[in-house]
Amino acid sequence: MKTYIVGNFKLNFTVGEASIYLHKLLKALPVYRDVDVVIAPSTVALQPLSLQVDRHKMKLAAQNAFYRDYGAYTGETSFSQLRGLVDYVIVGHSERRHIFGEDDKFVQKKVAAAVRNKITPILCIGETESERSFGETADVIRDQLLGGLADVADDELDKVIVAYEPVWAISSTKAAKLATPDEVSEVVKLIRKTLGETYGNDAAEKMPVLFGGSVNSSNAGAYLTVPGVNGLLIGGSSLILNEFVDIIETAKRVKS
Ligand code: PGA
């Protein structure tokens, strides 16, 4: 299976800054056939960056989109408008869930809309600190996973990527608590078990599962060697070009 290294810029970088970053990243990267490098800049940068990107080297992702294709939805961008501009879209990120109130039903429609528009959704799931402390991690993971996938047909499951991001380990600015590789391993096993019980072992094995939460160039190797982890979703460290390139090179080394 491929390895996915996804940089989520969140609300950072002007269009110009993102373009300069992309220019430097393309210069720094050779073509890696078994590592899919992806960056998710802000929506306004997607159009210009789609003209600039070398798709042999890397791909673009949207950070969010709305599930209706058109209509009276002020301020939204549809998956159909993103079609052709991006290959991936991040769906159900914890910041969308917790700051903007997106629930599993909403996320479920977005995942289906992404698949319908031939954009691979990266479905983010993860428990908060208090859910973990109350022993609810397994329930939260199951609900978010099966909820998010509920409208995807069985024969289209191979068009979805899952990202496990424990909310308590995410921090774009200050040092968050780090998830240990054992903690990641436990939840990734649960994800695959849940997928296996619901969709069969074949579908469970084929679905890429990424990890995200304060990943940097020092811990990327440890997370990438957790069995069942097929890549990383990176926030803060993806904004620092050398860090991001280091992580991509680590992925190439660890996974080959
Ligand atoms: P972080 O963000 O790497 O800054 O913790 C990850 C994410 O939110 O996707």
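The values are calculated or read from the model by the stated rules, or taken from the named source; none is laboratory data. Bear in mind the structure is a predicted one, so any value in this text is a computation, not a measurement. Please note: Cβ atoms are built from the backbone with ideal geometry, for glycine as well, and neighbour counts cover all protein chains shown. Please note that ligands, DNA and RNA were not included when accessible areas were found on the heavy atoms of the full protein model with its side chains. Shrake-Rupley method; radii C 1.70, N 1.55, O 1.52, S 1.80 Å.
Key figures for this structure:
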{"read-out": "The range 103-128 residues that are more than 13 Å from Leu145 (Cα to Cα), paired with ones that are among the hydroxyl-bearing types (Ser, Thr, Tyr) and part of a helix (DSSP H, G or I) (beta carbon under 6 Å, 6 or more apart)", "value": "Asn117/Ser80"}
{"read-out": "Selection within the range 226-249 - β-branched (Val, Ile, Thr), in a helix (DSSP H, G or I) and within 15 Å of the ligand (Cβ to nearest atom)", "value": "Ile247, Ile248"}
{"read-out": "Filter pass, Leu146 being in a helix (DSSP H, G or I), surrounded by fewer than 19 Cβ atoms within 10 Å (Cβ to Cβ) and not small (Gly, Ala, Ser)", "value": "yes"}
{"read-out": "Residue within the range 149-161 that is within 14 Å of the ligand (Cβ to nearest atom), open to solvent by less than 50 Å² (accessible area, probe 1.4 Å), within 23 Å of Val89 (Cβ to Cβ) and at pLDDT 95 or above present", "value": "yes"}
{"read-out": "Out of Lys24, Lys59, sole residue that is of a type in the set (Lys, Arg), open to solvent by 20 Å² or more (accessible area, probe 1.4 Å) and outside any strand (DSSP E or B)", "value": "Lys24"}
{"read-out": "Residue satisfying condition, being out of contact with any Pro (no Cβ under 9 Å at 6 or more places or on another chain), open to solvent by 20 Å² or more (accessible area, probe 1.4 Å) and either within 12 Å of the ligand (Cβ to nearest atom) or at pLDDT below 95 (or both), within set Lys193, Lys255", "value": "Lys255"}
{"read-out": "Test: Glu102 is within 16 Å of the ligand (Cβ to nearest atom) and touching a Lys or Arg at 6+ places or on another chain (Cβ under 6 Å)", "value": "yes"}
{"read-out": "The range 78-96, residues that are within 13 Å of the ligand (Cβ to nearest atom) and open to solvent by 30 Å² or more (accessible area, probe 1.4 Å)", "value": "Glu95, Arg96"}
